[in-house]
Amino acid sequence: KQEVTQIPAALSVPEGENLVLNCSFTDSAIYNLQWFRQDPGKGLTSLLLIQSSQREQTSGRLNASLDKSSGRSTLYIAASQPGDSATYLCPQTGANNLFFGTGTRLTVIP
Amino acid sequence: DGGITQSPKYLFRKEGQNVTLSCEQNLNHDAMYWYRQDPGQGLRLIYYSQIVNDFQKGDIAEGYSVSREKKESFPLTVTSAQKNPTAFYLCASTEGRMNEKLFFGSGTQLSVL
């Protein structure tokens, strides 16, 4: 069974701090990898999509990397802001499904 | 603006009642999905459709039904056979395959009266 583990489960940081969120998968047969954020009571927003042939992807203050050999991905957030507060998810992509963990709940304190 | 619209935002179901959640997209995407989210758990796939008039069961399809008569619409019916329907339901779509960028709607919270 494919499982996704996200560490830490929750994280509180002061505004301006750089931080790293971690994601690991039980199945090394990773297709593409998407990082999402979810605000309370809302849908998911795609942040970055790393294609299976890529190792990393950057968008503004966000950088995501993928190491398929170890089944791990990291999301780096630079100069965090209160607006970054949300739950971050990194589901593993299967042929016809995404396998979700419970995410990392990030709180950025002003 | 292109996107996915889910309605209603909140829905209440009485005992023995069937209810239908709406999902409409104007992204011209072929594939659409329904997920269920419970507190403290990851999202789980209920049903998906990769093309009009075709759909497949996901991991937790029991007690649910769907239709895909139009490309832009993928309604989900929560039947009376679903004994624990209280959850947050999310609809999503991709242009073609699951490993492409996934777009989500804003969700429907279903509760039992």
Query raised in the report: Does residue B:100 count as farther than 19 Å from residue B:38 by Cβ and more than 10 Å from the chain's Cα centre (by Cα)?
Result: yes
Report task. Looking only at the range B:48-60, decide whether some residue is free of Cβ contacts under 8 Å to residues at least 60 places away in the same chain, open to solvent by less than 30 Å² (accessible area, probe 1.4 Å) and more than 10 Å from chain A (Cβ to nearest Cβ). Result -> yes
Requested in this report: Among residues belonging to the range B:7-46 that are buried (at least 17 other Cβ atoms within 10 Å of the Cβ) and among the aromatic types (Phe, Trp, Tyr), point out the one that is nearest to the chain's Cα centre (by Cα).
Outcome: B:34
Report summary line: Heads up, the strands (runs of 3 or more DSSP E) in the range A:12-103 (entirely inside) with at least 2 residues that are under 15 Å from the mean Cα position of the chain (by Cα) and hydroxyl-bearing (Ser, Thr, Tyr) are A:44-50, A:56-59, A:72-77, A:86-89
Query raised in the report: Which condition breaks for residue B:45 when tested against (1) over 22 Å from residue A:88 (Cβ atoms); (2) in a strand (DSSP E or B)?
Result: (1)
Query raised in the report: Can you tell which of A:38, A:51, A:2 is open to solvent by 10 Å² or more (accessible area, probe 1.4 Å), among the polar types (S, T, N, Q), closer than 27 Å to residue B:50 by Cβ and at pLDDT 90 or above?
Result: A:38
Report task. Sort through B:77, B:20, B:86, B:94 and tell me the only one that's within 11 Å of chain A (Cβ to nearest Cβ) and among the β-branched types (Val, Ile, Thr). Result -> B:94
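The values are calculated or read from the model by the stated rules, or taken from the named source; none is laboratory data. Computed from a prediction, not measured in an experiment: that's the story for all the values here. For neighbour counting, all protein chains shown are included, and Cβ atoms are generated from backbone atoms with ideal geometry for every residue, glycine included. The accessibility values were calculated without ligands, DNA or RNA, using every heavy atom of the protein model including side chains. Shrake-Rupley method; radii C 1.70, N 1.55, O 1.52, S 1.80 Å.
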